[in-house]
Protein chains: 2
Amino acid sequence: MSLLIQNISKHISLTPEEQLLFLSKTETHTFKAKTILLNSGQICKHSYFVNSGILRSFNINDNIVEHILTFACEGWWIGDMYSLISQKPGNLFIEVLEDAEIVMLSKENQDFLYAEIPKLERFFRILTENSLVANQERLMDNLSLSAEERFEKFRRKYPTLLQKVPQKQIASYIGVTPEFFSKMKSKLLRK
Amino acid sequence: MSLLIQNISKHISLTPEEQLLFLSKTETHTFKAKTILLNSGQICKHSYFVNSGILRSFNINDNIVEHILTFACEGWWIGDMYSLISQKPGNLFIEVLEDAEIVMLSKENQDFLYAEIPKLERFFRILTENSLVANQERLMDNLSLSAEERFEKFRRKYPTLLQKVPQKQIASYIGVTPEFFSKMKSKLLRK
DNA sequence: GAGGGCACTTAATTTAGGTTAAGAAAAAAA
DNA sequence: TTTTTTTCTTAACCTAAATTAAGTGCCCTC
């Protein structure tokens, strides 16, 4: 069974026909690292489900500084939620960090599937709720924890990412400069 | 028509019977300012819809510093999403800031209503999506904007709140100390 | 295998924002 | 009204993290 169907089946149960219908409305593609799937200023047309590889979404401030909103590894969904909902140009980039196989679900097909398989409303509601909870926690962490504590949390939450993505991107995710991150890391190692 | 039904009707349409069923599963109460509706460490049993007044959700760090997650005014929903979903003890407080009339929807009744009126899955999906988008924007703002810029955004987004809640709570929301907020404010006024 | 970018490090300097403390003003309570 | 508590301000001092800059190692690709 595909990773995507497994993912859905964690929260709702689909009949074999529904599974086939769902899959028939998606497209699976492979992308090389460094591919930009969505550019800032574009309208986001798809939700992306990661079969393998790593993606990230980020924005760029004043044309200089990148800030990472999310990483997405195997079994995660990613997209520009704002742009996807509003169908207006967003300010996020979505980029492939590690060669990836991606299931793409277009906004239109998603709406079609909501109509055909109303249970999917439930599935995406739960998915969105979980994102919201994670996001709220990260926001509170950014308000109340030091960079060191945020790094510790990141390391515990995404142990595999630590090995796989350049550390300047982890710095960006936890909200510090690469230089400060480097200093902090060597301080932690010295302990 | 009640504010709550208006709110729901923005996203889905309910028959009069469904409206009555929904309302029959809620309880409306009034609360005085300073009432704590939910304490840290408790399991959140209700979603709260604000008919009038102002509420806030916040956590307390190291028993000292408060950090505000959300304000909720007329027509807004509020709750501890983490605790509500998981039915585990959360770390948020929910407090009434200004005398309020609140519609309370228990977790059990919400689940009951999902079963009776599946359209509601859609409604709460959309509600959660909108929260997520707002939350993501706030997170990115916290990563990339200065305190002054965050305050400017807050002021534009919630002009009414500025008058109504103590400024130390706005400080807490944008993520600075009351002292720094005061300094910043007088600097902005001098311009 | 030489050269050109990246990613990472280190260090000096600067700054945004925190801390501490104390008084003034305002609001709530009595 | 008076008292008490909370909120707001101001100011001196402190610190986490940013900025700037220079140097090192490393993977590309030509």
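The values are calculated or read from the model by the stated rules, or taken from the named source; none is laboratory data. Note that the coordinates shown come from a computational prediction; the quantities given were computed from them, not determined experimentally. A quick note on method: Cβ atoms are made from the backbone with ideal geometry, for glycine too, and the neighbour counts reach across all protein chains shown. Note: accessible area is taken over every heavy atom of the protein model, side chains too, but ligands, DNA and RNA are not part of it. Shrake-Rupley method; radii C 1.70, N 1.55, O 1.52, S 1.80 Å.
With solvent modelled as a 1.4 Å probe, how much accessible area in total do chains B and A shield from it at their shared surface, in Å² to the nearest 100?
Working: alone 11090 and 11100 Å², together 19090 Å².
Buried area (both sides, nearest 100 Å²): 3100 Å².
Considering only Cα-Cα distances, which of the following residue pairs are longer than 32 Å: A:10/A:32; A:25/A:168; A:88/B:183; A:45/B:119; A:32/A:168; A:25/B:25?
On the way: A:10/A:32 29 Å; A:25/A:168 37 Å; A:88/B:183 38 Å; A:45/B:119 24 Å; A:32/A:168 20 Å; A:25/B:25 37 Å.
Pairs exceeding the cut-off: A:25/A:168; A:88/B:183; A:25/B:25.
Within 10 Å of each Cβ in peptide B:138-149, how many partner chain Cβ atoms are there on average? Round it to a whole number, please. Spell out each step's value before the answer.
Details: counts 4, 9, 8, 2, 6, 13, 8, 1, 0, 0, 0, 0.
Mean shielding count: 4.
Taking only the alpha-carbon positions of region B:91-137 and ignoring solvent, what does the Debye formula give for the base-10 log of I(q)/I(0) at q = 0.14, 0.15, 0.16, 0.23 Å⁻¹?
Listed by q, the Debye log ratios stand at -0.54, -0.62, -0.69, -1.01.
Relative to 2.2 N^0.38 Å, what does the C-alpha radius of gyration of chain B come to as a ratio? Two decimals please. Kindly include the intermediate steps, with their values, before the conclusion.
Details: Rg = 17.8 Å, N = 191, 2.2 N^0.38 = 16.2 Å.
Ratio of Rg to 2.2 N^0.38 Å for chain B: 1.10.
Rounding to the nearest 20 debye, state how big the charge dipole of the protein assembly as shown is about its Cα centre with +1 on each Lys and Arg Cβ and -1 on each Asp and Glu Cβ. Numbers along the way, then the final one.
On the way: 48 positive and 44 negative charges, 302 e Å.
Result for the protein assembly as shown is approximately 1460 debye, rounded to the nearest 20.
Specify the angular offset, from 0 to 90 degrees and rounded to the nearest 10, of the alpha carbon long axis of helix A:107-116 from the longest principal axis of the alpha carbons in chain A.
That works out to roughly 50 degrees.
Let me have the relative contact order for region A:80-184, percent, based on Cα pairs under 8 Å that are six or more residues apart.
Dividing the mean separation by the residue count of region A:80-184 yields 15 percent.
In region B:66-105, which residues become less accessible by 50 Å² or more once every protein chain is in place, relative to the chain on its own, using a 1.4 Å probe?
Output list: B:67, B:69, B:81, B:85.
In percent, what relative contact order does region A:3-117 have, based on Cα pairs under 8 Å that are 6 or more apart in sequence? Kindly include the intermediate steps, with their values, before the conclusion.
Details: 232 pairs, mean separation 43.6, N = 115.
Result for region A:3-117 is 38 percent.
When a/c reaches 1.5 or more, the comparison of a/b and b/c decides; with that in mind, is region A:35-87 rounded, prolate or oblate per its Cα gyration tensor? Mind dumping the intermediate values first?
Numbers: a/c = 2.16, a/b = 1.25, b/c = 1.72.
The shape class here is oblate.
Do any residues of region B:116-130 show a loss of at least 50 square angstrom of accessible area between the isolated chain and the full protein assembly, using a 1.4 Å probe, and if so which?
Listed by number, the residues meeting the 50 Å² cut-off are B:121, B:125, B:128, B:129.
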